[in-house]
Amino acid sequence: MKARLLPADRPASRPAPAAPRGGDEATAGFPLPAAIETLHRNGAITAHHVAAARFWATDYRIGVMGQEDPQLERTSCGLSRRALNGRLGSINRYRYIHDIIGYRYERVLIAALINNRPMRELARSTRHDPAHMDSVMALLLDMLTRHYDAMPGHLWQG
């Protein structure tokens with residue numbers, strides 16, 4: 001019997017996500033931390049890793065911190081069903097990833113993507129060698145990308 005490969009087991013076949021036009025935060029969503037931009041410029045991570053980092057940070061900010069979705073159109077007044085479904089989707093995706101990566105690696109993601117901590121401070125707080133922190137972050141983002149690729153379809157609703 002031949003095993004079926006998961007989407008995360010094969011190379012990404014999708015094109016890299018398009019960069020936001022204009023560079024303003026209204027179209028780009030939440031800003032990307034400087035550490036992630038540096039890793040991307042140095043070639044340690046790809047555009048797919050950057051997209052996964054941005055997506056996780058957006059889900060965390062919307063689902064856990066209760067911030068507003070920057071991509072949601074502001075056409076209706078009051079509580080919109082679409083906004084509530086979007087928040088619920090963010091919470092479900094956040095929980096799915098949290099259950100897989102665990103508390104320790106989630107703390108690294110929060111420090112890097114939400115609190116915008118520099119790599120040296122991340123290395124000190126996680127007890128990693130500062131020279132290897134770029135590799136640790138790249139591996140964590142690769143793991144995050146693979147889990148988003150293999151995420152069940154019902155979690156993408158909302």
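The values are calculated or read from the model by the stated rules, or taken from the named source; none is laboratory data. Everything numeric in this text was worked out from a predicted model, so none of it was measured. No Cβ is skipped: glycine too gets one built from the backbone with ideal geometry, and neighbour counts run over all protein chains shown.
Details
- Residue match in the stretch 105-116 (condition: among the hydroxyl-bearing types (Ser, Thr, Tyr) and at pLDDT 85 or above): yes
- The selection criterion, being in contact with an Asp or Glu (Cβ under 6 Å, 6 or more places away or on another chain), closer than 16 Å to residue 58 by Cα and touching a residue at least 60 places away in the same chain (Cβ under 8 Å), holds for residue 93.
- Residues that are in a helix (DSSP H, G or I), modelled with pLDDT under 90 and out of contact with any helix residue (DSSP H, G or I) (no Cβ under 9 Å at 6 or more places or on another chain), drawn from the stretch 34-82: 34, 81, 82
- Members of the stretch 93-138 found to be outside any helix (DSSP H, G or I) and of a type in the set (Asp, Glu), listed by number: 129
- Test for residue 87: is it in a helix (DSSP H, G or I), surrounded by fewer than 15 Cβ atoms within 10 Å (Cβ to Cβ) and either touching a residue at least 12 places away in the same chain (Cβ under 8 Å) or not polar (S, T, N, Q) (or both): no
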